[in-house]
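Worksheet: one structure, shown below.
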Amino acid sequence: MPCRGPRPWPQLLAPMPRSGLRPGEREVKKPVFFEKTGFSWAGKRNRMNREWFVCTMLLGLLAGTGLAQEPPTEKKLTLHFVETPLADVLSFLSDAAGMNYACSAKVLKDAPPVTAKMKDVPVSEVISSIARACGLEYEVGKTGVVAFFPRREPPSGQPEPGKPIAKRGDKPLFVDDFETSLGGWFAPRAKLGDILIEGHAERTDKPEDVKEGKGALAWDYNYGPGMVSAVMKTRRLDPEAKSLAFWLKSRNAPITLVVKVKERDESGYDHVIQVNVPDQWQEFTLPFADFNLDNDSQDENGRLDVDQVKEIVFFDATGILTQADGRNSVFLDSVMVR
């Protein structure tokens, strides 16, 4: 039974300010990836280099959710939560342990309140216990960002996420057709320094927003100089596949999207596409041979190995590249490899 008297952390029982600071506190902090690289924002002359640098770093953060490292274990925490919302728990961990995290708004909304009492427990054990108590899975990227997501149950008749899809000769193989569900796709949400990563992904069955069959992925988001969005999925591919193909439609145009595939060793490969016509379906076929190694990645052979792919990410770079504000909806259907 939880204690009904005074609690060690009473401030955790009320919603934390959006900034993560308590009343009266003030903090000025650079984005973690700029501190590590020493990159400077100064100078309009280098704006495009800065913008592509940010794109590259954010892509690494968004797709770097493999188990490349564990959270720092040298720091130990003492805490006491009683029916505390997950958002407040994560805010506490961010303040107390310097943890950057990413999860969808739906995860925060649906997660049960947390009741836990721990004394001198390593951060990694705290994270594991909180995720388990909320029925979530988590992964830690090479940058230390902790991504939380629902436990995924493979739909009946579909391959388990993370396992290769069956071969069908020379016919295209569906990664997702969105006929019954999102199939594990999600839009991460996080605050990394001055950069807000936000967006919402859901399945739509509106005929005007579906290219083939009965469903498609609808991706809604805001964009701007300090705001980006992505949708991503963990999935291994047929090792004999030569290209990634999909149908895509954007409410607004022009927009710039980066398609990224991530290998198990954390090396990432990108392909940039431009959507110039609004509200019209376009079919894209991207040969894997045309994907380029990230500037922040290293690979043992310098080429994309399809049999090592573990993740697919779609990232909107429009706001960073144009420095313009706006809102957009992108629709994705019939994602397949050929």
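All of the numbers you see were taken from the coordinates with simple rules; none came from a lab. Remember, predicted model here, so these are calculated numbers, not experimental data. All Cβ positions, even for glycine, are placed from backbone atoms using ideal geometry, and neighbour counts span all protein chains on display.
Here the 3J(HN,Hα) profile of the range 298-307, calculated from phi with Karplus coefficients 6.51, -1.76 and 1.60 at θ = phi - 60°, is 10, 10, 5, 10, x, 9, 6, 9, 4, 5 Hz, Gly and Pro shown as x. For the set 211/262; 211/249; 75/109; 76/119; 233/262; 211/310, the pairs lying more than 18 angstrom apart at their alpha carbons are 211/262; 75/109; 211/310.
Along the range 234-245 the Karplus relation, 6.51 cos²θ - 1.76 cosθ + 1.60 evaluated at θ = phi - 60°, assigns HN-Hα couplings of 8, 6, 8, 10, 4, x, 8, 5, 10, 7, 10, 10 Hz to successive residues, with x for each Gly and Pro. Taken along the Cα-to-beta-carbon direction at a fixed 7 Å, the label points for residue 298 and residue 323 span 3.5 nm. Couplings 3J(HN,Hα) for the range 317-332, derived from phi with the Karplus relation 6.51 cos²θ - 1.76 cosθ + 1.60 (θ = phi - 60°), are 9, 4, x, 5, 6, 9, 6, 9, 9, x, 10, 8, 10, 10, 10, 10 Hz, where x marks Gly and Pro. In terms of surrounding Cβ atoms within a 10 Å radius of their Cβ, 229, 91, 243 rank from fewest to most as 243, 91, 229. Placing unit charges on the Cβ atoms of the charged side chains and taking the dipole of the range 215-338 about its Cα centre, the candidate lying farthest along the positive direction among 246, 315, 234 is 246. For residue 243, the residues whose amide H sits under 5 Å from its own are 288, 338, ignoring neighbours fewer than 5 places away on the same chain, with H placed 1.01 Å from N.
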